[in-house]
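Data first, discussion second: the structure below is written as structure tokens.
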């Protein structure tokens, strides 16, 4: 039997791959990769490695998750070293848990190599620390859309009143709804907010505003997915801590 490696590729900057993740790429016989990884990482694959694109766009999956699970196991049963290369971290909205469970069900050995997730890295590159002694002692990561058929209600009251910094993945489309729910459940409308587009990459663009107007700011600046939404007082630190040079000058509001 071969083995499956669930590898976090990090948030986009290829230099943010872990040493262990890079070693897995170098020894792989097969690599199944997503669209949000840095393609430069594939240059480290050995000659003859089979590369399989499994990218996903909103409302469009090039390869369905069930098929990905089967491909991973099929190659591992052939005695191959199989790497599932995912943007960010495999277990942070990456469906790595499903792939690990499927491998286990089929008697395949697997290993998880964590990666740097965008909810931490994108804000850091935008000059926003997700926690700060004066501005944020708690931090939550939240998906911006729900699994189809799942309960639509999130614990908005807990997020609004109990969490200082909220990092929202894949939420641009639902941002008006997110704003409405957080304000409705007690988050002050003037709470600072930011959208970071293509965080940690040369295409990074950041816009800031408040919980009330951040969607309109993003719309005006043409910010779409992939973007990380950050809501909390820590966003104020951007003016002081911004260090990464973005191609487009930041639009401060």
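The numbers here are math on the coordinates, done by the rules we state, and not lab data. Just so it is clear, the structure is predicted and the values come from calculations on it, not from any experiment. Every residue, glycine as well, gets a Cβ built from its backbone with ideal geometry; the counts of neighbours run over all protein chains shown.
The residues 39, 237, when put in order of fewest to most other Cβ atoms within 10 Å, stand as 39, 237.
Axis angle, to the nearest 10 degrees, between helix 175-184 and the longest C-alpha principal axis of the chain: 50 degrees.
Mind running the shape call on the range 117-225? Use the C-alpha gyration tensor, a ≥ b ≥ c as the square roots of the eigenvalues: rounded below 1.5 for a/c, prolate if a/b tops b/c, oblate otherwise. In terms of gyration-tensor shape, rounded. Estimated purely from DSSP H runs of n ≥ 4, each contributing -39500 (n - 2.57), the mean residue ellipticity at 222 nm for the chain is -7500 deg cm²/dmol once divided by its residues.
If you sort the three axes of the alpha carbon gyration tensor as a ≥ b ≥ c, you get a/c of 1.5 or more for the range 1-40 and a/b above b/c, which makes it prolate. Structural descriptor for the chain: relative contact order 20 percent, calculated from alpha carbon pairs under 8 angstrom and at least 6 residues apart. Among 64, 81, 27, which one moves the most in a GNM of the chain with springs linking Cα atoms closer than 10 Å? Top of the fluctuation ranking is 64. Pull out a ≥ b ≥ c, the square roots of the eigenvalues of the alpha-carbon gyration tensor of the chain, then state rounded if a/c is under 1.5, prolate if not and a/b is larger than b/c, and oblate in the remaining case. Verdict is prolate for the chain. Measuring from centroid to centroid over Cα atoms, what is the spacing of the range 179-253 and the range 1-36 in Å? The two parts, judged by their Cα centres, are 30 Å apart. Of 85, 104, 16, the residue with the greatest mean-square motion in the GNM of the chain, using alpha carbon springs below 10 Å, is 104. Compute the acute angle (0 to 90°) between the alpha-carbon long axis of helix 96-105 and the principal axis of greatest extent of the alpha-carbon atoms of the chain; round to the nearest 10°. Helix 96-105 and the main axis of the chain meet at about 30 degrees.
Placing pseudo-labels 7 Å out from each Cα toward the beta carbon at residue 98 and residue 177 gives an inter-label distance of 1.9 nm.
Looking at the range 3-113, what % of its DSSP beta bridges pair antiparallel, to the nearest 5?
Roughly 15 percent of the DSSP beta bridges within the range 3-113 come out antiparallel.
In percent, rounded to a whole number, the relative contact order of the range 3-113 is 42, using alpha-carbon pairs under 8 Å and six or more apart. Here the relative contact order of the range 61-108, from alpha carbon pairs under 8 Å that lie six or more residues apart, stands at 40 percent. Compare 91, 125, 177 in a GNM of the chain, Cα atoms joined below 10 Å, and give the one with the largest fluctuation. Residue with maximal mean-square fluctuation among 91, 125, 177: 177. Exposure proxy ranking for 198, 243, based on other Cβ atoms within 10 angstrom of each Cβ and starting from the fewest, stands as 243, 198.
Counting neighbouring beta carbons within 10 Å and listing from fewest to most, the residues 95, 35 come out as 35, 95.
Stretching residue 145 away from residue 78 to a fully extended chain increases their span by 20.4 nm, per 0.36 nm per residue minus the current alpha-carbon distance. DSSP beta bridges fully contained in the chain are about 45 percent antiparallel. Here the spin labels are modelled as points 7 Å beyond Cα on the Cα-Cβ line, and at residue 245 and residue 15 they lie 1.3 nm apart.
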